[in-house]
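Q: There's a structure below that I have some questions on.
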Amino acid sequence: MIELTVAEDAEAAARLCAERIARAIDAARAERGHAHVALCGGETPGRMYELLAEQVADWREVHLWLGDERCVPLDDPDSNHDLLVRTLLARIPADRPQPMVHAVTRAGDGDPPAAATAYERALRATVPGEPFPVLDLALQGIGPDGHTASLFPDDPALEERERLIVAVRRRKPPPEGVTMTLPVLRAARSLILLVRGADKAEAVRATLAGPSVHTPASLLGEGAHVELIADRAAAAAA
Ligand code: 6PG
């Protein structure tokens, strides 16, 4: 099920999302001694990551994963890892405990399938859970076409039921990427979609209208509870 939360504007949506993630981190660490959080790329989460850096006082035992990554070098401005470095990690004082960032280390090697296999191995070796590793929280966005992570409309990757990470052709630059698949995203204890702007209103309406392979974000709600945090403009057609 996907539940819509409407915030006044993009800043309020970012702040609410940062509060949700900070609370999920505290709860996971209190219950299990560690927290595993998958984050996303794109334009929307940057401001939220800045706020998250302020919200979380202590990053001990916090593991940060990426729900998808673009197959470019990790220091490329197009890389989601680089986005985290610029917006989140840069705002955590160096004298404080740092989060454990699990980068897609082979993203820039020019071999997306090998990068996917290596990242899946790391995820299975580090995140507890059977049959799929159970993340404490997965944050994702929604594209204007309804894609989420690097899961695009009608893509065969939507049918994947065993592998956790697959290499895909992205319909948004850069063209090559690796992405978490639906089973591992849906296995997360908490799932949040963060969306802003009028250009996303139709995709938000379609995401809430029920599961469809034409709107991959809508498939996250199958067998999982998802909170879709949107600003007023993005929620206008909901
Ligand atoms: C990516 C993302 C992707 C993103 C949406 C929304 O690597 O590009 O993970 O799924 O969340 O495309 O992107 P914007 O926030 O830029 O609109």
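Nothing in this text is a laboratory measurement; each read-out follows from the coordinates by a stated rule. Values in this document were obtained by computation on a predicted structure and should not be read as measured data. In this analysis, Cβ positions are derived from the backbone assuming ideal geometry, glycine residues included, and neighbour counts consider all displayed protein chains.
Q: Going by the alpha-carbon gyration tensor, a ≥ b ≥ c the square roots of its eigenvalues, is the stretch 86-173 rounded (a/c under 1.5) or, if a/c is not under 1.5, prolate (a/b greater than b/c) versus oblate?
A: prolate
Q: Okay, next question. Once the Cα atoms of the chain are picked out, what are the Rg and Dmax in Å?
A: Using the Cα atoms of the chain, the pair Rg, Dmax is 16.2, 47 Å.
Q: Based on DSSP H assignment, which helices of the chain show an axial Cα extent of at least 24 Å together with a mean Kyte-Doolittle hydropathy greater than or equal to -0.5?
A: Helices meeting the criterion: 10-32.
Q: Give the relative contact order (percent, whole number) for the chain; include only Cα pairs under 8 Å separated by 6+ residues. Provide the component values of the computation, followed by the final result.
A: Values: 544 pairs, mean separation 60.6, N = 238.
That works out to 25 percent.
Q: Kirkwood Rh, the stretch 1-114, all Cα pairs: how many Å?
A: Taking every pair of different Cα atoms in the stretch 1-114, averaging 1/r and inverting gives 15.0 Å.
Q: Still on this structure, I have one more. Out of 109, 95, 136, any idea which swings most in a Gaussian network model of the chain, alpha carbons joined below 10 Å?
A: 95
Q: Looking only at the stretch 88-121, which residues have a backbone nitrogen under 14 Å from a spot 7 Å from the Cα of residue 50 in the C-beta direction?
A: 88-92
Q: For the chain, modelled as a GNM with alpha-carbon contacts under 10 angstrom, which of 107, 224, 35 fluctuates the most?
A: 224
Q: Using the Cα centre of the chain as origin and beta-carbon charges of +1 (Lys, Arg) and -1 (Asp, Glu), tell me which of 83, 144, 181 is placed farthest towards the positive end of the dipole.
A: It is 181.
Q: Quick one: order 132, 152 by neighbouring beta-carbon count within 10 Å, fewest to most.
A: Details: 132 18, 152 21.
So the residues, fewest neighbours to most, are 132, 152.
Q: What residues have an amide H closer than 5 Å to that of residue 5, excluding those fewer than 5 places away on the same chain, when H is modeled at 1.01 Å from N in the peptide plane?
A: Amide H neighbours of residue 5: 228, 229, 230.
Q: Any chance you could run the full-extension gain for residue 154 through residue 202? It's 0.36 nm times the residue separation minus the Cα-Cα distance, nm to one decimal.
A: 15.5 nm
Q: Give me 171, 196 ranked fewest to most by other Cβ atoms within 10 Å of their Cβ, as a rough exposure proxy.
A: In order of increasing Cβ crowding within 10 Å: 171, 196.
Q: Sticking with this structure for a sec: Might you report the magnitude of the Cβ-based charge dipole of the chain about its Cα centre, with Lys and Arg at +1 and Asp and Glu at -1, to the nearest 20 debye?
A: 240 debye
Q: Rank these for me by crowding, 51, 135, going from fewest to most other beta carbons within 10 Å.
A: Fewest-to-most Cβ neighbours within 10 Å comes out as 51, 135.
Q: To the nearest 20 debye, what is the magnitude of the charge dipole of the stretch 9-61 about its Cα centre, counting +1 on the Cβ of each Lys and Arg and -1 on the Cβ of each Asp and Glu?
A: Taking the Cα centre of the stretch 9-61 as origin, the dipole is about 200 debye.
Q: Another question about this same structure. For the chain, build the charge dipole from Cβ charges (+1 Lys, Arg; -1 Asp, Glu) around the Cα centre, then report which of 5, 230, 156 sits farthest towards its positive end.
A: Positive-most Cα among the choices belongs to 5.
Q: Mind computing the radius of gyration and Dmax over the alpha-carbon atoms of the stretch 181-238? Å is fine for both.
A: Here Rg and the maximum Cα pair distance are 11.1, 30 Å.
Q: Then there's this: Work out how much length residue 78 to residue 27 would gain on full extension: take 0.36 nm times their residue separation and subtract the Cα-Cα distance, in nm to one decimal.
A: Between residue 78 and residue 27, full extension yields 15.1 nm more.
Q: A further question follows. I want to check the label-to-label distance for residue 209 and residue 19. Put each point 7 Å from Cα in the C-beta direction and report it in nm to one decimal.
A: 3.2 nm
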